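I have placed the structure first, in the form of structure tokens, so that the comments after it can refer back to it.
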Amino acid sequence: MQPRTAHSTVARHCIIIMCFVIASLSVVLPDIATAEDPGLSAKQKAVAKIPFERMTASATERIKSTINPKAIYKHLPKSTIQCSPELYIQLVRYPELVCNMWELMGAAKLRVNRIGEFEFIVSDLKGNTSQVELIYGTQNTHVFLIDGNYKGPLLVKNIKAKTVVVVHSSFELNDKSEPITKHSIDLFMNLDSGIGDIVEGVVVPLFMKVTEWNYDEITKFVGQVYDVALTKPDGMQRLITKLTRCQPAIRKRLSKVTTAIAESSVRTAALPK
């Protein structure tokens with residue numbers, strides 16, 4: 001179940017980058033705009049799909065205040081994995097579970113400090129941090145707001161970024177009645193205006209490339225977690241007991257979800273064929 005690790009920097013920042021992937025939209029659309037309008041750009045369509053009408057006024061204002069014309073847009077295309085809705089949502093809403101698993105496997109050393117029910121701070125212990133808040137969450141849509149601070153050996157100064165990450169997901173059964181999860185991500189990033197055009201021209205393409213790589217790897221990893229819960233339930237429960245960087249209540253929920261996956265598999269196997 002161990003993810004591949006590319007360059008050490010990539011592994012170290014994997015979850016931070018995915019969190020960074022959540023901090024700024026760019027175009028304020030008129031109320032009449034819809035995602036189906038053929039006259040809209042890809043970025044505008046992505047903004048139009050954000051369910052502002054279902055958010056509180058405060059949440060809407062916070063997201064829209066991050067939007068400006070300079071924000072960078074990236075669409076991470078739809079990917080399909082075998083995973084139950086319940087497990088998928090747990091891993092999306094509580095990334096400390098993934099971080100802790102990766103730490104135990106030696107794949108990444110990241111810390112997630114949950115400071116509220118919907119808010120947490122991610123750090124690689126080397127000065128790179130992201131404060132992440134789940135602004136809106138349903139089974140099919142999660143909207144995160146991120147304030148990130150990044151530094152590296154190639155940078156003269158720290159880079160600050162605000163990001164909005166919108167995770168779209170859908171769930172269905174395949175022809176074998178196995179649960180399938182499909183998801184995609186819209187990322188809007190707003191870099192500190194003081195970094196300079198040259199630095200931005202180097203950092204942004206690299207950042208986007210690494211983000212896309214991480215998206216693929218995390219997607220695969222979620223599928224691997226589901227497979228372990230399905231085929232090695234005892235091993236899954238032992239792993240959960242070792243996730244000591246996660247709050248007990250979060251571990252308990254994961255244990256309940258993964259136990260239900262295993263029990264469902266047993267019931268399905270017992271059905272007459």
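I need the full set of residues from the range 108-158 which are at pLDDT below 90, within 21 Å of Ile250 (Cα to Cα) and of a type in the set (Lys, Arg), in order please.
Of everything in the range 108-158, those that are at pLDDT below 90, within 21 Å of Ile250 (Cα to Cα) and of a type in the set (Lys, Arg) turn out to be Lys109, Arg111.
List every residue pair whose Cβ atoms lie under 6 Å apart, where the two residues are 6 or more positions apart in sequence or sit on different chains, the first residue falls within the range 75-86 and is of a type in the set (Ser, Thr, Tyr), and the second residue, located anywhere, is at pLDDT below 95 and assigned to a helix (DSSP H, G or I).
As it stands, the answer is Ser79/Thr219, since those pairs meet every condition given.
Are there any pairs, at least 6 apart or on different chains, whose C-beta atoms fall under 6 Å, with the first in the range 242-265 and of a type in the set (Val, Ile, Thr) and the second not in a helix (DSSP H, G or I), and if so, which?
Pairs that qualify, where the first residue is of a type in the set (Val, Ile, Thr) and the partner is not in a helix (DSSP H, G or I), are Ile250/Tyr94; Ile261/Ser84.
One residue is enough: does the range 110-121 have a residue meeting the conditions closer than 17 Å to Lys242 by Cβ and touching a Pro at 6+ places or on another chain (Cβ under 8 Å)? It would help to see each step written out before you state the result.
Taking the range 110-121 as the starting set, the residues that turn out to be closer than 17 Å to Lys242 by Cβ are 110-112.
Still in the running and touching a Pro at 6+ places or on another chain (Cβ under 8 Å): 112.
Yes: the range 110-121 contains one or more residues that are closer than 17 Å to Lys242 by Cβ and touching a Pro at 6+ places or on another chain (Cβ under 8 Å).
Output the number of residues of the range 226-251 satisfying the condition of being touching a Cys at 6+ places or on another chain (Cβ under 8 Å) and within 14 Å of Leu87 (Cβ to Cβ). Talk me through it step by step, then tell me what you get.
Initial filter on the range 226-251 (touching a Cys at 6+ places or on another chain (Cβ under 8 Å)): 226, 245.
Within this subset, residues satisfying the condition of being within 14 Å of Leu87 (Cβ to Cβ) are 226.
Residues that pass the stated criteria total 1.
With the structure loaded, tell me whether Leu254 is among the hydrophobic types (A, V, I, L, M, F, W, C), out of contact with any strand residue (DSSP E or B) (no Cβ under 9 Å at 6 or more places or on another chain), assigned to a helix (DSSP H, G or I) and at pLDDT 70 or above or whether it fails that test.
Working: among the hydrophobic types (A, V, I, L, M, F, W, C): yes; out of contact with any strand residue (DSSP E or B) (no Cβ under 9 Å at 6 or more places or on another chain): yes; assigned to a helix (DSSP H, G or I): yes; at pLDDT 70 or above: yes.
Against the criterion (among the hydrophobic types (A, V, I, L, M, F, W, C), out of contact with any strand residue (DSSP E or B) (no Cβ under 9 Å at 6 or more places or on another chain), assigned to a helix (DSSP H, G or I) and at pLDDT 70 or above), Leu254 qualifies.
I'm checking my understanding of the structure. Among residues of the range 71-87 that are touching a Ser or Thr at 6+ places or on another chain (Cβ under 7 Å) and part of a loop (DSSP other than H, G, I, E, B), which one is surrounded by the fewest Cβ atoms within 10 Å (Cβ to Cβ)?
Filtering first and then ranking leaves Ala71.
To keep it simple, each residue is scored yes or no on (1) of a type in the set (A, V, I, L, M); (2) in contact (Cβ under 8 Å) with a residue 60 or more places away in the chain.
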| site | (1), (2) |
| --- | --- |
| Met101 | yes, yes |
| Met105 | yes, yes |
| Gly116 | no, no |
| Asp124 | no, yes |
| Glu133 | no, no |
| Tyr136 | no, yes |
| Gln139 | no, no |
| Val143 | yes, yes |
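Which condition number does Tyr94 fail, the rest of (1) surrounded by 17 or more Cβ atoms within 10 Å (Cβ to Cβ); (2) over 20 Å from Leu254 (Cα atoms); (3) among the hydroxyl-bearing types (Ser, Thr, Tyr) being met?
(2)
Out of curiosity, is Asp175 acidic (Asp, Glu), over 27 Å from Lys126 (Cα atoms) and modelled with pLDDT under 95?
The answer is yes for Asp175.
Can you confirm whether the range 63-79 contains a residue that is over 18 Å from Ser169 (Cβ atoms) and among the charged types (D, E, K, R)? Spell out how you get there, then give the answer.
Start the filter on the range 63-79 by keeping residues that are over 18 Å from Ser169 (Cβ atoms), which leaves 63-73.
If we keep only those that are among the charged types (D, E, K, R) too, we end up with 64, 70.
Yes: the range 63-79 contains one or more residues that are over 18 Å from Ser169 (Cβ atoms) and among the charged types (D, E, K, R).
Output the number of residues of the range 97-122 satisfying the condition of being crowded, with 21+ Cβ neighbours inside 10 Å and in a helix (DSSP H, G or I).
Adding up the residues that qualify gives 6.
The values are calculated or read from the model by the stated rules, or taken from the named source; none is laboratory data. Just so you know, these numbers come straight off a predicted model, no measurement behind them. Please note: Cβ atoms are built from the backbone with ideal geometry, for glycine as well, and neighbour counts cover all protein chains shown.
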